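Reading through the structure tokens given below for one structure.
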Number of protein chains: 2
Amino acid sequence: MASGTAAKTERKRGSGVQYVYGVLRDEILELTLPPGAPIDEVQLARRLEMSRTPIREALVRLAGEGLVTTLPNRSTVVANLDFLNLHTFFDAITLMYRVTTRLAAQYHTADDLALIRDEQARFARAVAAHDALAMIASNRDFHAAIATAGRNPYYEGLSHRLLDEGRRYLRLYYAGFEDRLPARYVQEHEDMIAAIAARDVARSDTLARQHADQIVAQIQSLLARDRRQHIEL
Amino acid sequence: MASGTAAKTERKRGSGVQYVYGVLRDEILELTLPPGAPIDEVQLARRLEMSRTPIREALVRLAGEGLVTTLPNRSTVVANLDFLNLHTFFDAITLMYRVTTRLAAQYHTADDLALIRDEQARFARAVAAHDALAMIASNRDFHAAIATAGRNPYYEGLSHRLLDEGRRYLRLYYAGFEDRLPARYVQEHEDMIAAIAARDVARSDTLARQHADQIVAQIQSLLARDRRQHIEL
DNA sequence: TGTATTTTGTTTGTCGACAAGAAACCGCGA
DNA sequence: TCGCGGTTTCTTGTCGACAAACAAAATACA
């Protein structure tokens, strides 16, 4: 974390909020700040060397995206992961995968495709390097690039929210053990790119749905595994 | 708006932001604040008799919901209605109508149904009274109640956003002339309620799609009418 | 007269401070 | 030892003030 001299890094005006927002967001999505952890404003202000006002503003934004929960007159905490309603998450992300991939097949430009391929390359590299954290992040960016290519800001917004939430669920299990990163996802992504490039809407839909089913199945199996570990006799 | 004595209404702590948020939101959705109108913080602070801080916080929340746009270091303005990408709005709201109505048919409780019927009653009353403003608002609440009954917070969030946006589009045309409020919507709503109550998913889907088609067609016809008005020779 | 530059003014972004609630703490009594 | 009321402390919500950034007006110059 390297602090010490407190460099007082003369930030440009207006960049403060964005900076805090980015830091907080990353720490929440990578579970450095675990769900339920309280966020103290003054402490954060000291750590990031700025006033409470920009911190507060960033927190409001994060609350709007559902990443933190603000208890009135009480501390704001990192939003909990709701395992009881996990099915609503699965339902929604499956639908968004399908819809955005379909739209990407219809409306993508050459630049969109290049960006999608870039993200896929980064994803493949992360899987090859057995870097779970990078894999999770680049998987999110891959699907976000597809959503962008679909040119529907409403779907894009919901997709971002769901993908971020998914990052947290995945991070829960790919913490330290870098074993058996699912290389099949790389191939599935390649197939999706091919379908999009061919502007094959029906095939894009099918692939997106299968891909979503894969992820759902994996998270569920991870959940089940976790449950067994918690049983003690 | 009756000012004058500046009653200094001792608000409870923490209610300030919510108050400002509500006022701003209503004025934006009812087009009292037209799209593109600049929002001056200090002016608002004077009008609502509070500091700039809560106003700022409310603006951040509104920006998160896409109702205002914040230009950095410049005034924040009421978000524009993007007629060029109206089709993305139609696409998204049709999908949300279908999905939430389907889910409502599956998961609704007796209380949900009662709430939906309440909103429908208010909608019918507004149509009977030829009160366009009330009709627009209660139509939004009707579909929001259905979304709530669907028990999926992700769909619910996107639906709210789309319904609010729709309020602005509709308000554009139902400004003063209270002529021919479409009474057919009342019947369509009734049919949807019947399908939901019968837990008939397929029929709910069909009705929701037809209802969405109706609204899309109406907005498009209003748009065309408006365009003709704007042509000058 | 038109254009570049300085000056002025207005609005936002950030700061430190203060007051209101809520939680933690303490003392007292049973 | 436990429960209860009051007090203290800690955190948030709100405020007024100041400085930076941008826009517009005023000025200088060709």
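The values are calculated or read from the model by the stated rules, or taken from the named source; none is laboratory data. Keep in mind that this is a model prediction, so the values were computed, not measured. We place every Cβ from the backbone using ideal geometry, glycine too, and count neighbours over all the protein chains shown.
Is at least one residue of region A:137-158 within 19 Å of A:ASP26 (Cα to Cα) and within 12 Å of chain B (Cβ to nearest Cβ)?
yes
State yes or no: is B:VAL42 β-branched (Val, Ile, Thr) and more than 8 Å from DNA strand D (Cβ to nearest atom)?
When the stated conditions are applied, B:VAL42 passes them.
Just give me the residues in region A:134-159 being under 12 Å from the mean Cα position of the chain (by Cα) and within 20 Å of A:THR109 (Cβ to Cβ), in sequence order.
A:ASP141, A:PHE142, A:HIS143, A:ALA144, A:SER159
Which ones in region A:49-74 are within 8 Å of DNA strand D (Cβ to nearest atom) and on the phi > 0 side of the Ramachandran plot?
Result: A:ASN73, single match.
Are there any pairs, at least 6 apart or on different chains, whose C-beta atoms fall under 9 Å, with the first in region A:110-127 and not assigned by TED's automatic domain parsing to the domain that holds A:ILE196 and the second among the charged types (D, E, K, R), and if so, which?
none
Scan region A:9-45 residue by residue and report those that are farther than 18 Å from A:ARG61 by Cα and among the hydroxyl-bearing types (Ser, Thr, Tyr).
A:THR9, A:THR32
For region B:13-30, give me each residue that is surrounded by fewer than 18 Cβ atoms within 10 Å (Cβ to Cβ) and more than 14 Å from chain A (Cβ to nearest Cβ).
Answer for region B:13-30, where residues must be surrounded by fewer than 18 Cβ atoms within 10 Å (Cβ to Cβ) and more than 14 Å from chain A (Cβ to nearest Cβ): B:GLY22, B:VAL23, B:ASP26, B:GLU27, B:GLU30.
Taking region B:54-77 as the region of interest, how many residues are assigned to a helix (DSSP H, G or I) and either without any contact (Cβ under 8 Å) to a residue 24 or more places away in the chain or facing chain A (nearest Cβ under 7 Å) (or both)?
Residues flagged as assigned to a helix (DSSP H, G or I) and either without any contact (Cβ under 8 Å) to a residue 24 or more places away in the chain or facing chain A (nearest Cβ under 7 Å) (or both) within region B:54-77 amount to 6.
Which of the following residues is assigned by TED's automatic domain parsing to the domain that holds A:MET96 and surrounded by fewer than 21 Cβ atoms within 10 Å (Cβ to Cβ): A:TYR185, A:TYR155?
Checking each option against the conditions leaves just A:TYR185.
Can you go through B:LEU170, B:LEU133, B:LEU158, B:LEU207 and tell me which one is out of contact with any Leu (no Cβ under 7 Å at 6 or more places or on another chain), at pLDDT 95 or above and part of a helix (DSSP H, G or I)?
Unique residue meeting the criteria: B:LEU207.
For the structure I just gave you, tell me whether B:GLY64 is at pLDDT 95 or above and small (Gly, Ala, Ser).
Yes; evaluated as a whole, the condition is true for this residue.
Has region B:117-124 got at least one residue that is within 26 Å of B:ALA224 (Cβ to Cβ), more than 14 Å from chain A (Cβ to nearest Cβ), buried (at least 21 other Cβ atoms within 10 Å of the Cβ) and not charged (D, E, K, R)?
Checking region B:117-124: at least one residue is within 26 Å of B:ALA224 (Cβ to Cβ), more than 14 Å from chain A (Cβ to nearest Cβ), buried (at least 21 other Cβ atoms within 10 Å of the Cβ) and not charged (D, E, K, R).
Scan region B:95-105 for residues that are more than 11 Å from every other protein chain (Cβ to nearest Cβ) and touching a Lys or Arg at 6+ places or on another chain (Cβ under 8 Å) and jot them down.
B:TYR97, B:ALA105
What is the number of the single condition among (1) surrounded by 14 or more Cβ atoms within 10 Å (Cβ to Cβ); (2) within 16 Å of DNA strand C (Cβ to nearest atom); (3) assigned to a helix (DSSP H, G or I); (4) more than 10 Å from chain B (Cβ to nearest Cβ) that A:VAL42 does not meet?
(1)
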